[in-house]
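Here's the structure, in C-alpha cells; my notes come after.
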Amino acid sequence: MCRRLHLYCLALVLLLPAPLWALEFNMPVGVTDTSQSIFNLHMTIFYICLAIAVVVFGVMLWSIYHHRKSRGHEAAQFHGNILVEVIWTTIPFLILVAIAIPSTITLGDLYDASESDIDIQVTGHQWKWHYKYIGEDVDFFSVLATPREEIENRKKKNPNYLLEVDNPVVVPVHKKIRFLFTSNDVIHAWWVPDLAIKKDAIPGFINESWTRINEPGLYRGQCAELCGKHHAFMPIEVKAVSESEYEAWLADQKAAQKAAMAAADKDWSMDELVKTGAGVYEKNCAACHQADGSGMPPTFPPLDGSSIVQGDKLEHMKVVVNGRVDKGMPAFGKQLTAVDIAAAITYERNSWSNKTGDMVTPAEVQDLMDKQ
Amino acid sequence: MAHHSAYYVPPQSHWPIIGAVGLFLTLGGAAALIYSLQQESDSLLAQIMLNSGALILAGMMIGWFAAVIAESRQGLYSPQLDRSFRYGMSWFIFSEVMFFFAFFGVLFYIRMFAVPWLDGEGDKGLASMLWPQFEATWPLLEAPNPDQFPPIREVINPWHIPLINTVLLVGSSFTLLAAHKALKREDRGKLKGWLSLTILLGLTFLGLQIYEYIHAYTELDLTLKSGIYGATFFMLTGFHGAHVTIGSIILLVLLFRVFQGHFTPESHFGFEAGSWYWHFVDVVWIFLFTTVYLL
Amino acid sequence: MSAHAETLHHGPAKGFSRWILTTNHKDIGTLYLVFSLIMLFIGGTMAFVIRAELFQPGLQLVMPEFFNQMTTMHGLIMIFGAVMPAFVGLANWQVPLMIGAPDMALPRLNNFSFWILPFAFTMLLSTLFMPGGAPNFGWTFYAPLSTTYAPPSVTFFVFAVHMMGISSILGAINVIVTIFNMRAPGMKMMDLPLFVWTWLITAFLLIAVMPVLAAVVTMVLMDVHFGTSFFSAAGGGDPVLFQHVFWFFAHPEVYIMVLPAFGVISEIIPTFARKPLFGYRAMVLATASIAFLSFIVWAHHMFTVGMPLAGELFFMYTTMLIAVPTGVKVFNWISTMFKGSMTFETPMLFAIAFIVLFTIGGLSGLMLAIAPADFQYHDTYFVVAHFHYVLVPGSVFGIIAGVYYWLPKWTGKMYDEKLGQWHFWLSFIGVNLTFFPMHFVGLAGMPRRIPDYALQFADFNMLTSLGAFLFGTTQLLFVYILVKTVRSGKPAEQLPWEGARGLEWSVPTPAPYHTFTTPPELDKE
Ligand code: HEA
Ligand code: HEA
Ligand code: CUA
Ligand SMILES: [Cu+2]
C-alpha cells in the first residue's frame, strides 16, 4: 500500500510542471531571423531531451513497478552485454551529431557581422549604458527610469518596472545594425532577448554582434553579467522604428546636442546650477555616494563633510573630471557635459552640511577639460 | 604483495593541529598585513600574527619530520609505507607542476592572443580601436596605457646572468645525482661534498637572481607594475625562485641529516624526495629560460 | 615495538582531544561529515536570505550590496564547505573499509587536511564583518570586479581559498595513495568497488586543478595589491584570461562534485536491486572519459565573451560529447534495476531520485552546451536551475543516500525508516518546487545575481521561495533523524541490507575503531 502511495506521489510531482508550460513561460521567439532560428534550435533540443527523458524514465519506472521484491520478482543475475553497451553509446552520439549540425550553421550566421548599415558603439558603465552612433556625432547615456519609490515599495510598481530607461536606443527596422560592445569599468553584458543578442562588454576590448529587426516595436532587456551593486538596475530599451522616423530622430538628437553645447557658454546663476545639479547628482552620483551624501565607506567615501568637497575647488573638479579610475570613481569628464559637472559640483559644495557657498561655472570645468 | 606486515598507523599526534593553527596565523597574518598596508591602518597585530605563524609552522615542520625520522629509524616502517611516501611525494610534485602549468598557460595566452588582439591582429583585433597608439611587440616594452603602467627601458639579456643561472642549476642537478650515487655506494665523504656543492650552486643561483631583480628595478625600469611583460616575468621567475629557496632549505636539512649519520644505501627516502623536488625545480627552470628569456 | 602494538589495539581516546589529535580515518571521516553538515546549514541560511529577498519584487529585506555578498558566500560555502568536504568524509570512512586497509595511507596528513578547513572558513566567514563587507563578486570572482572594484576583504578571500586548496590537495593525495598502495592483497584495480574508482579519479582531478585555482587567486591578489596587469587591458593583459584560467579549474571542479556521488549511487542501486552492477568496466571507462573530457570543455561557460568562432565550436562539440559517457552511466544504473528484485528503503529512494533529477539537470546542461542557444540561456535562472539540479538532487542527494546507506555500519544503529521516508518525500517535493520553476523564469528572461526583478517573474519566484523554505526546513528533520539514530536507534545487524556486497559489510557492526589491521582474505568468486 505504502509503495502504491509512493508511485502516486512520484507521478504527481513529475506531472506538476506540465500545466506550467501552458503558461508560455518560454524563450521569446523574438523579432529577428536569428532569434527565430535560435528559438527553433532551443525547441528542437528541448523535444529531443524530452524524448530521451521519457524513454529513460519510462524504462526505469516500468522496472520499478514490475521488478519489485514486494511483487515477488526474483532478481536476474546478468551483469553486462557488449551489444547493448555499444548501441547506447552510438545512438546518443548520433543524436548529438544531429543537434550539432544546425547549431553550427546558426552560430556561423551569428558571427558574420560584416556589411552593416549602421554601427553603434555600446559602452557599459557602472550602472548605465552609453550609445554612440559611429559617424553620426550622436551619443548619449541610457539610465534606469524606474523611480526609487517603486523599488523601495513606497509606490505601486508600473508594468515595466525595472525594464524602463530614460533614453532608449533607436534603430531602424530591416537594416543590418552592428553593435560594438566595450566597457568603461567592469564586465557587463548587453542582452535583449527579442533580438537574441547577449554579448559581454569587456573593458579594453571590443566585441561585435549584429541584428536586423523585422518588426517595429520596443524591446526590453537587461545587463546580464554581475557588475556590482546595481547590476539589477541597468536595463536596456531598443526602439525599432521605420527608416524615416529614424532619420527624424537622428536629426533631433543632433540638434539637441548642439543646444547642450551652447548651454555651456551661457551665464549660470548659483540657484540654477544647484537645481540642475540636484538632478545630475541623483542620476549619476547617488548610486555610490548616496542621495544624502553619506557614501558607503570604506568603498565609497561620503561627500557630506568630505575635505575635498569642502576644500579647493580645483581638486574637487579634478576628482570628478578625471575620476580615480583605479579606485572605482569613474572619470565623468568623458561622460557628462561641462554644465552637468559644474552643476553637480556646485550642488555638492552647497548641500547637506557642506556650506561653502562656492559656485563652479561650466566655463571653469570646460577650461579644465580642454587643458587635458 | 608479500609484505603486508601490519601497516604502521601512528598514534594521536599534535603536529597537524599545530600546523593548521600555524598556517592560519601565517596566511591570516599575511592577509591582514597587506590589508592594513592598503588601508593605511595599524599593522602591528598582523605582523605579530604573521611572524608567530611562521615560527609555529617552522616548529611544526621540524617536530613532525623529527617524529617521522625517529619512527623510521626505530624500524616501524615497512616497504609498503615507504611506497606511500613515494607516491605521496610524486603526486605532490604533480600538483606543483599544475601550478606552474597555469602560469605558463597565462604567458602563452598573453603572447598568442591578448597582445596581438590589442594591436588589431586576429579575431578580436577590433580592440585596437581603443588603443590607437599601441604596438604589439614581445618583449612588450610599452603597455597599451603607459601612464598607468610605465614603460620598460630594456629587458634582461638572456645570455648573461640567465645563461649563467641555467648552467648553475642544471649543473646542480648533476652534482645532486652524484651525491645520490655516493650515498648508494655508502661513500659518505663524497656524499657530503657533492651535496654541499649542490647547495652552493643553488644559493649562488638565488644570489644572482636577487642581483638581477635589483638590476631590473633600478636600471631597466622592469617592475611588476610595468604591464604584462613585467607581471608574467616576475610571477614566473619569482615563484620559481621561491621554489629554489624551499629546495635549498630542504637540501640544507638533508645535509644536516647526513652529518647526523642518517640515511643508508637501502633506506633514504628523505634524500630521494628532496632530490626529486630539486630536479623538478630544475626542469621548470629550463622551460622558463626558453619561454621567458629566450623566445 | 611497544608503541606499535599500542596504537593498533587501543580504542579511541577520551574527550575533546580525540577529535583534535586523531589519526583514525573513521574519526576524521566523522569530522568531515559533521563539518560539512554545519556548512550546509550556513550556506542554506544564506540561500534563505536570497530566497526571502526574491519572494517578491522590490527591495525588502536586504540591500543589493548585501545580496551580492549572500550569493557569493552561498556559492562558495556550498561548494567548498558543504559538498567537497562531505565527499572527503565519505572517502575517509569508506575507502579503507572497502579496500581492506587498516587506515588511510598517511594518517597524520589526513588530520592536517581536515583541520585546515575550519580555519579557512573562519577566515572566509569573518569577511562578512569587515568594513566594505564580504566578497560580492560571485563565486566565480570575475576580474576586474574582483580586482580593481573589489571590497578590501578580497585579500582574506584569496588566502582563505589558498587554505581550502591546500586542504583539498593534501586530502586528495591521501586518497590516491591509499587506493594505489593499501588495497588488500589480491585486490586488483578492476576489483575496486565503484565508489573507490570514482574517488580515485576525483582525487586525480583535484590534484590537477586545485593548483590552478591557487594560481588564479594569486594573480587576483597581485593585480589588487602589487600593480600587475594580468587582467587589465591597459597593461596588456585581458579580463577574459581570468575566465579561462578560472574555468580550467572550475569545470573539472563540477565533476569533482558529482563523480563520488556517481560512485555512491553505483553501490546503492545493486544492493537494493539485489543484482550485480550492470557493465562494471563500462562504468569505470565512462568515469575516466568524463574526467578526461572535463579538461577540454571549460569555455562553455564563456560562450558570450566573444571567443573566436573556432573556439566556440570546439568547446561546444567537446561539451556535447560528455553526454555520451554520462548516458552510459545512467543506462547502466537502469539496467541494474531492470529485472532486479527491488525494495525501496530510504537510501534507494534518494538514489532513484538522484538518477531522475540528475538526468534532468544533465539534459538542461546539454541545452546549455549548444552555443547559439546559450546566448539566450547564459547568466539567467535557466543556468541556476541547471546547476542546482545537478548539485542539490545530484551531489547532495548522493551524499544523503550514502549517509543513510552506511550509517548502520558506522553507528551500529538503524535509522528510523519511517522518518527517512518522510525526509525523502519532503525533500523530493521541496527540491522540485524550488528549482523547477527556475527554468521558466530563466527562459522568460530573468538574469541571475539580481536582488530585484521585473513583475512578470513574480509568481514563479514566490513558488521557488516557498519550495526553498520547505526543502530547507526538511533538512532539520535530517539532523533530527541522525541524532535520534545515534542516541536511540535500534541496533543494526552485521549486514543491514540484504543485497549488500563488499568488504565494508564484512566487519562487525558498528565498525570497530580499527579494522583490517591484518589484511582480509579475498574470497574469489
Ligand atoms: C555537479 C555539477 C555539474 C554537472 C555534473 C554538470 C554537468 C553538465 N553541465 Fe553544468 N554547470 C554546473 C555544474 C554542473 N554541470 C555549474 C555549477 C554551472 C554554473 C557555474 C556558474 O556560472 O556559476 C554549470 C554551468 C554549465 C554551463 C554554462 C552555462 C552558462 O553559464 O551559460 C554549461 C554549458 O555548456 C553546462 C553544461 C553541462 C553539461 C553538458 C553537463 C553534462 O555533464 C551533463 C551530462 C548528462 C546528461 C546529458 C544526462 C544523462 C545522459 C543521457 C540520459 C544520455 C542521453 C543523452 C543525450 C544523447 C543528450 N553547465
Ligand atoms: C552544492 C552547492 C549548492 C547547494 C546545495 C545549493 C542549495 C541551494 N541554493 Fe544555491 N547556488 C550554488 C550552489 C548551491 N546551492 C552556487 C554555486 C550558486 C551560484 C553563486 C553565484 O552566482 O556566484 C548558487 C546560487 C543560488 C541562487 C541564485 C542567486 C543569484 O543568482 O542571485 C539561488 C536562488 O534561489 C540559490 C538557492 C538555493 C537554495 C534555495 C538551496 C537549497 O537547496 C538550500 C537548502 C537549505 C539547507 C539545506 C539548509 C537549511 C537551513 C536551515 C533549515 C536553517 C534554518 C535557519 C533559519 C530559518 C535562519 N542558489
Ligand atoms: Cu552591468 Cu550587470
Ligand atoms: Cu562546466
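The values are calculated or read from the model by the stated rules, or taken from the named source; none is laboratory data. Note that the structure is predicted; figures quoted are calculated from it, not measured. Ideal geometry is used to build each Cβ from the backbone, glycine not excepted, and the neighbour counts take in all protein chains shown.
Restricting region C:294-329 to residues that are of a type in the set (S, T, N, Q) and touching a His at 6+ places or on another chain (Cβ under 9 Å), the residue that is nearest to A:Glu208 (Cα to Cα) is C:Thr304. In region B:109-131 there is at least one residue matching the filter, namely being under 24 Å from the mean Cα position of the chain (by Cα), without any contact (Cβ under 8 Å) to a residue 12 or more places away in the chain and facing chain C (nearest Cβ under 10 Å).
Residues in region C:47-68 that are away from ligand 3 (no atom under 16 Å from the Cβ) and either basic (Lys, Arg) or within 14 Å of another protein chain (Cβ to nearest Cβ) (or both): 14 in all. Scanning region B:194-220 for residues that are in contact with a Gly (Cβ under 9 Å, 6 or more places away or on another chain) and within 27 Å of C:Asp223 (Cα to Cα) yields B:Leu206, B:Gln209, B:Ile210, B:Tyr213, B:Ala216. What is the residue count in region B:239-256 for residues that are surrounded by fewer than 21 Cβ atoms within 10 Å (Cβ to Cβ) and either aromatic (Phe, Trp, Tyr) or more than 8 Å from the chain's Cα centre (by Cα) (or both)? Total satisfying the criteria: 7. One residue is enough: does region B:160-171 have a residue meeting the conditions assigned by TED's automatic domain parsing to the domain that holds B:Gly227 and not in a helix (DSSP H, G or I)? Checked against the condition, which is being assigned by TED's automatic domain parsing to the domain that holds B:Gly227 and not in a helix (DSSP H, G or I), region B:160-171 yields at least one hit. Taken residue by residue, region C:339-352 has at least one member that is surrounded by 23 or more Cβ atoms within 10 Å (Cβ to Cβ), part of a helix (DSSP H, G or I) and within 16 Å of ligand 2 (Cβ to nearest atom).
Residue-by-condition table, conditions (1) surrounded by fewer than 24 Cβ atoms within 10 Å (Cβ to Cβ); (2) farther than 26 Å from B:Thr223 by Cβ; (3) within 16 Å of ligand 1 (Cβ to nearest atom):
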site	(1), (2), (3)
C:Val158	no, no, no
C:Met187	yes, yes, no
C:His244	yes, no, yes
C:Pro252	no, yes, yes
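Of everything listed in (1) under 22 Å from C:Val245 (Cα atoms); (2) among the small types (Gly, Ala, Ser); (3) touching a Pro at 6+ places or on another chain (Cβ under 6 Å), the single unmet condition for C:Ala160 is (3). Inside region A:166-184, residues that are within 15 Å of ligand 3 (Cβ to nearest atom) and either farther than 25 Å from A:Val325 by Cβ or buried (at least 23 other Cβ atoms within 10 Å of the Cβ) (or both) make up a count of 3. Taking region C:74-108 as the range and being within 14 Å of chain B (Cβ to nearest Cβ) and within 16 Å of ligand 4 (Cβ to nearest atom) as the test, no residue passes. Against the list (1) over 18 Å from the mean Cα position of the chain (by Cα); (2) part of a helix (DSSP H, G or I), the condition B:Thr264 fails is (2). Has region C:451-460 got any residue that is within 16 Å of ligand 1 (Cβ to nearest atom) and either modelled with pLDDT of 95 or more or closer than 24 Å to C:Met367 by Cβ (or both)? Taking every residue of region C:451-460 in turn, none turns out to be within 16 Å of ligand 1 (Cβ to nearest atom) and either modelled with pLDDT of 95 or more or closer than 24 Å to C:Met367 by Cβ (or both).
Looking at region A:43-56, is at least one residue over 23 Å from C:Thr319 (Cβ atoms) and more than 7 Å from chain C (Cβ to nearest Cβ)? Yes, region A:43-56 contains a residue that is over 23 Å from C:Thr319 (Cβ atoms) and more than 7 Å from chain C (Cβ to nearest Cβ). Would you confirm, using the coordinates I've provided, whether A:Pro159 is more than 16 Å from ligand 3 (Cβ to nearest atom), touching a residue at least 12 places away in the same chain (Cβ under 8 Å) and either surrounded by 20 or more Cβ atoms within 10 Å (Cβ to Cβ) or more than 22 Å from A:Tyr246 (Cβ to Cβ) (or both)? No: the conditions fail for A:Pro159.
Which one of these is touching a strand residue (DSSP E or B) at 6+ places or on another chain (Cβ under 6 Å), away from ligand 4 (no atom under 16 Å from the Cβ), more than 10 Å from chain C (Cβ to nearest Cβ) and of a type in the set (Asp, Glu): A:Glu149, A:Glu237? From the options A:Glu149, A:Glu237, the qualifying one is A:Glu237. Looking across region B:162-193, the residues that are crowded, with 18+ Cβ neighbours inside 10 Å and either of a type in the set (Asp, Glu) or closer than 16 Å to B:Ile286 by Cα (or both) come down to B:Pro162, B:Asn165, B:Thr166, B:Leu168, B:Leu169, B:Ser172, B:Ser173. In this entry, C:Gly467 passes the filter for residues that are within 26 Å of the chain's Cα centre (by Cα), over 29 Å from C:Met182 (Cβ atoms), buried (at least 16 other Cβ atoms within 10 Å of the Cβ) and in contact (Cβ under 8 Å) with a residue 24 or more places away in the chain. Within region A:77-88, residues that are within 16 Å of C:Gly327 (Cβ to Cβ) sit with their Cβ atoms under 7 Å from residues that are in a loop (DSSP other than H, G, I, E, B), at 6+ positions apart or across chains, in these pairs: A:Glu85/C:Gly279.
A single member of B:Phe104, B:Phe65 is more than 7 Å from chain C (Cβ to nearest Cβ), surrounded by 14 or more Cβ atoms within 10 Å (Cβ to Cβ), of a type in the set (Phe, Trp, Tyr) and in contact with a Ser or Thr (Cβ under 8 Å, 6 or more places away or on another chain), and it is B:Phe104.
Across region C:353-383, the number of residues qualifying as in contact with a Gly (Cβ under 8 Å, 6 or more places away or on another chain), buried (at least 24 other Cβ atoms within 10 Å of the Cβ) and under 19 Å from A:Ala53 (Cα atoms) comes to 3. Considering the conditions (1) more than 15 Å from ligand 2 (Cβ to nearest atom); (2) among the hydrophobic types (A, V, I, L, M, F, W, C); (3) under 23 Å from the mean Cα position of the chain (by Cα); (4) over 18 Å from C:Tyr480 (Cβ atoms), C:Phe358 is excluded by exactly one of them, (1).
Close Cβ contacts (under 8 Å, 6 or more residues apart or on different chains) running from residues in region C:26-45 that are within 14 Å of chain B (Cβ to nearest Cβ) to residues that are more than 10 Å from ligand 2 (Cβ to nearest atom) and not in a helix (DSSP H, G or I) comprise C:Lys26/C:Ala511; C:Lys26/C:Tyr513; C:Asp27/C:Pro12; C:Ile28/C:Thr22; C:Ile28/C:Met104; C:Leu31/C:Thr22. Within region C:360-369, can one find any residue that is within 30 Å of A:His188 (Cβ to Cβ) and within 16 Å of ligand 3 (Cβ to nearest atom)? Within region C:360-369, not a single residue is within 30 Å of A:His188 (Cβ to Cβ) and within 16 Å of ligand 3 (Cβ to nearest atom). Residues of region C:250-282 that are in a loop (DSSP other than H, G, I, E, B) and either among the charged types (D, E, K, R) or within 16 Å of ligand 3 (Cβ to nearest atom) (or both): C:Arg274, C:Lys275.
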